[in-house]
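The values are calculated or read from the model by the stated rules, or taken from the named source; none is laboratory data. Computed from a predicted structure; not experimentally measured. Here the Cβ is made from the backbone with ideal geometry for all residues, glycine too, and neighbour counts use every protein chain on show. The protein model used for the area step is the full one, side chains on, heavy atoms only, and it has no ligands, DNA or RNA in it. Shrake-Rupley method; radii C 1.70, N 1.55, O 1.52, S 1.80 Å.
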Amino acid sequence: MASDASRRVSDLGTLKAFGHPLRMKLYRALYIARQATASQLAEQVDEAVSLVSYHLRKLADHGLIEEADRAGRDGRERWWQPASERLSFHDEDFSEAPEMAATHSAVSRLSFDQHVEMYRRHLDAHHSWPSEWRAASSSSEYLARLTADELAALAGEMNDLIKRYEQQGRARDEAGETEGRENVALHVYGFPFRT
């Protein structure tokens, strides 16, 4: 990965480029793999290599992914990697014009829909996981009365905690501690609502 920093996406062109369903899936798959070829990713998303290559180039055009330095590669296939440790999208960056706000909202809904689909697939296959994974899986809803500042602080603390576990798991994985290690999705939402 080129940068350990988070990238805040704040321009409409990049948001639109990312907001394609297949590109979101490809970015997620590449983020998990850390480095992969179009052929490897095509197999994961069940699409043609040529189509995957096209969409990877579009992500690269906007600096979301980049070519990876891959030792020993034969030059026939490009290796790709995320260009930053994570991406963030903030409402305030897209609120100045109706098209920007609508695009941000549409991309957010698409992302949420993909999260829901991932969780549905998990629920459908839940019984096929070993008992320790079934016991470790969780789903919770917390309803609290907070101020905007308190919610922002809570989100920051949760982000720091999750990031710590993510970095720890990746370091152990890279050190060869792979036994029992699986990809884990954590989808966290914090939002105001009225009954």
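Taking Rh as the Kirkwood radius computed over C-alpha pairs, what is the Stokes-Einstein D of the range 114-195 at 25 °C in a medium of viscosity 0.890 mPa s, expressed in µm² per second?
159
Under a Cβ-only charge scheme (Lys and Arg +1, Asp and Glu -1), can you give me the dipole magnitude of the range 47-143 about the Cα centre, in debye to the nearest 20?
Computed about the Cα centre, the dipole is about 500 debye.
Per the helix-only calculation at 222 nm, which mean residue ellipticity applies to the chain, given -39500 (n - 2.57) for every DSSP H run of n ≥ 4 and division by its residues, nearest 500 deg cm²/dmol?
Calculated mean residue ellipticity at 222 nm is -17000 deg cm²/dmol.
Roll a 1.4 angstrom probe over the protein heavy atoms and tell me the percent of accessible area of the range 56-195 that is carbon or sulfur.
Roughly 49 percent, rounded to a whole number.
Counting Lys and Arg as +1 and Asp and Glu as -1, each charge on the Cβ, what is the dipole of the range 87-178 about the Cα centre in debye, to the nearest 20?
In total the dipole reaches around 460 debye.
What is the Å³ per residue value for the convex hull set by the Cα atoms of the range 61-177?
210
With all protein chains present and a 1.4 Å probe, how do Val116, Val107 order by accessible area, largest first?
Val116, Val107
Listed highest first by mean packing, meaning other Cβ atoms within 10 Å per residue, what order do 157-163, 9-15, 108-114 come in?
Descending packing order for the listed peptides: 9-15, 108-114, 157-163.
Among (i) 1.07; (ii) 1.13; (iii) 0.97, which one is Rg/Rh (Cα atoms, Kirkwood Rh) computed from these coordinates?
(iii)
So for the chain: antiparallel DSSP bridges make up what percent, rounded to the nearest 5?
DSSP beta bridges in the chain are roughly 55 percent antiparallel.
Counting Lys and Arg as +1 and Asp and Glu as -1, each charge on the Cβ, what is the dipole of the chain about the Cα centre in debye, to the nearest 20?
Dipole size: approximately 300 debye.
Could you order peptides 128-137, 35-44, 88-97 by the average number of other Cβ atoms within 10 Å of their residues, highest first?
35-44, 88-97, 128-137
For the range 45-195, what does the accessible surface come to per residue with a 1.4 Å probe? Please give it in Å².
Ligands and nucleic acids excluded, the figure is 76 Å² per residue.
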